[in-house]
Amino acid sequence: MARKTPGLGDESSDGVDERAVGDGAIDRRSYLKLAGAAAAAIGTSAGVAGAQSTEGMKRIELDYDRYGDPSQLYNVNDNRSGIPPEFVSSPTNGSSQAIRMEFSSAQKTANLEYRFEENGYEMPREVYTSFKLYPDGIRLSTNDTVRIFWLPLTNGPGSSGGGATDGTNGWSNAIGFANRNDSPAPDGYNFFSYSYHMDRGGSGDFQMTDVPIWMDQWNEIEGYVRCNTFSGGSANRDGVMRYWVNDELAFERTNLRMTTTESNLIEGVGPLGYVVGSNLSGDALIYDDHEIAIGGMPAERDDSPPYDEDPTLVEPGAREQYEERFTYRNGDEEAAYRIYVDGDIVQSDWSQATYNESVEITSDEYAVVEATAEPGTIDGYFFDGDIVAISADDPSQLWVSGEQIDPADYPDSPPAEDQPDEPLEHVVLVDGLGTTSTTRYEFAVSGSVEKSTDGGASIDDGDAIDGGRVTGLVGGWRDAFRFSGELEELTVDGAARVSVDGEEIDPADYGDELPHVLTVVGNGSETSYELTVDGTIDTVLGDASAGGAERQTTETVTGTIERGVHRFRFSGELVDVAFATGETHVYLDAERIDPADYSGETRVLPHAIVIDGSEADDATDYSFTIDGDVIQSNYRDATVDRADSLEGTSAAGSVGAGERDAYFFDRDITDFQLVGDATVDVYHNVQ
C-alpha cells in the first residue's frame, strides 16, 4: 500500500519563511545507485570507528564506545551554552555511552560536525545518515522550535544567518521538532526541515510536517540528501532531501537547487542544539548510533516504487508526456475511489504522492482507475483527456493540474448514454510471460469484445477482432481483452496460459480442439484446391468456406474460390496443399506459406507410435525421443491433445484412461519412458 506522507503546514512565526513543498520531477530510482565519485579514501580514517565500502557507496559507523571525548569524532564549534558536549553512560541505546548536549539559558549548545575532508574523504555529492535521539526533559511552549542536526552543512555566508545562497558560498539543512501542526504535546513535537538553498527568500525555508518526535524516549532519525546536477555554472532543479522519523517518511523534496560547483558539495553532518522560544536550561539532547553512508543509499532503506513491475506506474520524469496531473489526498480513514477518464491515465509518485499498490487501471470506453487509499496518503496520476466521473469516499482534497476540484461537480459514473450498451465485465488474459516461443490463439464470445491493458497487457495492432471472434499471437508478453456474454470457443497453439476473470482455464474445455487456422485467399481467378492435415480439419461456421468447400474425410477438404477467403480450423500439422486448377495465396495461422513446401511426398512420416490407455485404470505419463521427425496424429482414433508437448524431436504427454495418443515419425526411437499401465504399440510403414 502507499506509505504515509505527512501534510506540510503553512503556519509561520518568529519571522521564519515557511513554504509548501514544490512538485519537482526526479528519477526516483537514480538515488539508489551507488555513485562512486563521492568516496575517494579507502580504509579507516582518523576519528572513524569503522568504514565499509560497497561498490561506490562507503558506510561509516561512528562507534561512541571507542572514544573518550566527542571532539575526537566531531569538529566541535560555536558552543554558546558554555557546557561542553560529553559522553554519558545513561541513557544509551544499547551502547556503553552516548553524547549529551545540555542547554543553558543561551539559545544554542554547540555544533558537532563530522567533516568529510577532515576525515580523508572528498566532499560527497550524496549522503545518507541515521542516528538515535533522546530529547531529555524538553517541554516547549506554542510555536517553539528546536534544531537537532545538520543534514547537511556546507559552511559559508549562504549557509545560515540570512545570507543569500548563490550556489558557491555554502548551504545547509537543519532538522528539528517544533510545537506546531497540532503536535501531541507534551509527549511529542512535530518534525520540521529548515533549509538554506538557492531558491529561498529571506530566512531559511522552514517546512513543518505532522510526524512527531517523542520526548523522553529514543527516536530513530534518518536522512538522505543528494546535490542537484549542474553544468556551466547553472544549477538544475533536481536536488533531493528525504527524512524518516521512526521508520515513517516525514519529509521529501525533489526539486532543490543547492550548488553550482564541485567545491560547494556536502561538507559535513552532525548534531546541533538550537532552541527558539523557551528557556531549556538543564534539558538536553542525547545522541547514539550515528552512522553515515556517502555516495549512495543503503539497501535496507530501499523503498523505491516498483516501476519495472507495475505497468500502471511511471516515474515522475514522465510528466512531460501527459497533458494533466491529478492528485488524490486522503483523509483520516481508509477510502475507496474510482476515476473515469476519456483518455489515458497512469499512476506516478511525483511530489508528495506515493506508490499505491492497490491501484488498478483498466481501459474500455474510458480509462478507469480503482484504488483504496490508506489514511493520510496522497495518490498521484498523469493523464490525457478529461475526467468525466469521480466516485470517492469523502476525499480530503482533489487537485487537477494545481487547481482544487470538488468531487460533487462530477457524476459518480459516466452518463448512461455515453456508456456501452452492453458492459464488458469479463476479462480474458493470454499470458506469454516466461515462454520462449510464439503462441497463436483464437477465441469467440457471445457478446462484444475489445482490447485492454488489464493485467499489464499490451495493445497489439496485429491482433484482429471480427465481431465476437479474436485472433492473435503472444511471445513473452500478455494480451488481454474485455468482453460481454460468454466465452464460447478457445484454441491455443503454444505454451501461453489463458485465464478468464483471473482464473486459469483449459482451452480444451471450450469448443473443438482445432488450434490452427488455414486461410485460402481468392485472387480474382477461379482456383480449385485440396488441403490435407494429419489431424482433423473442418470449415469455419459462418465463413465462406462453409459453402465453397467440402470435407472429403476428417483429414481433407476441397474447394473452389475466386474472390474472398476460405478459412479452416485444424489440428495436427498441415501435410499437403494441392491445386487442381489455378493457384492462389495460402496462410497458415497468420503467416503466408509456400504451397510447394507442403506436399504429401515430403510431409508423410512412415511409422506410428500409439500410447493406448483404452484399458488402463488411470492416466499414464510418457516421454520419448526420435532421431528423426515426429508429429502428433489421430491414427487409430487417437485424440490430439494440446497439453501434450512437442519440442524438436522429443514428445511428452499424458494419456487418460480410455484414451489414446498417437504420433507419426521416421527413423528410430532413441529413448522412451512410461509411468502408468497404458500399452505402447509401434507400427512400421503405415503410410
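The values are calculated or read from the model by the stated rules, or taken from the named source; none is laboratory data. The structure presented is a predicted model; accordingly, all values stated were derived computationally and were not measured. Here the Cβ positions follow ideal geometry from the backbone for every residue, glycine too, while neighbour counts run over all protein chains shown. Remember, those area values only see protein heavy atoms, side chains included, never the ligands or the DNA or RNA. Shrake-Rupley method; radii C 1.70, N 1.55, O 1.52, S 1.80 Å.
Tabulated values for the structure
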read-out	value
Euclidean distance between Cα centres, the stretch 179-230 to the stretch 360-406, Å	29
Check: the chain dipole with +1 on Lys, Arg Cβ and -1 on Asp, Glu Cβ, in debye	4200
Extreme residue, positive dipole direction of the chain, given options PHE116, PRO70, THR519 (C-beta unit charges)	PRO70
Surface share of carbon and sulfur [accessible, 1.4 angstrom probe, percent] for the chain	41
Neighbourhood net charge (11 Å Cβ-Cβ; Lys/Arg +1, Asp/Glu -1) for GLY628	-3
Cα-only radius of gyration and Dmax that characterise the chain, units Å	35.6, 110
Extended-chain gain in nm, criterion 0.36 nm per residue less alpha-carbon gap, LEU674 and GLU334	116.7 nm
Net charge over other residues, Cβ less than 10 angstrom from the Cβ of ARG440 (K, R count +1; D, E count -1)	-4
Nearest-10 value in Å² for the accessible area of TRP399, using the 1.4 Å probe	80
Size of charge dipole - the stretch 615-687 - debye, nearest 20, with Cβ of Lys, Arg +1 and Asp, Glu -1, no other charges	220
Cβ crowding within 10 Å averaged over residues, with 265-271, 382-388, 137-143 ranked highest first	265-271, 382-388, 137-143
Dipole of the chain, positive direction: furthest Cα of VAL314, LEU473, PRO186, with charges on the beta-carbon	PRO186
Environment charge at PRO70 (Cβ cut-off 10 Å; Lys +1, Arg +1, Asp -1, Glu -1)	-1
Quotient of C-alpha Rg and 2.2 N^0.38 Å, computed over the stretch 178-326	1.23
Inter-site label distance for ALA318 and GLU530 at 7 Å from Cα along Cβ, in nm	5.7
Cα pair distances in the stretch 528-585, grouped into 10 Å bins until the bin that holds the longest one, percent each	25, 59, 16
Cα Rg, Dmax, the stretch 437-527, angstrom units	14.0, 48
Dipole of the chain [Lys/Arg +1, Asp/Glu -1 at C-beta], most positive-end residue of LEU398, ALA578, ILE292	ILE292
Cα-Cα pairs of the stretch 469-592 separated by more than 18 Å (percent)	55
Volume per residue that the Cα convex hull of the stretch 255-368 spans, once the total is divided by residue count, Å³	244
Length-normalised contact order for the chain - Cα pairs under 8 Å, 6+ apart - percent	10
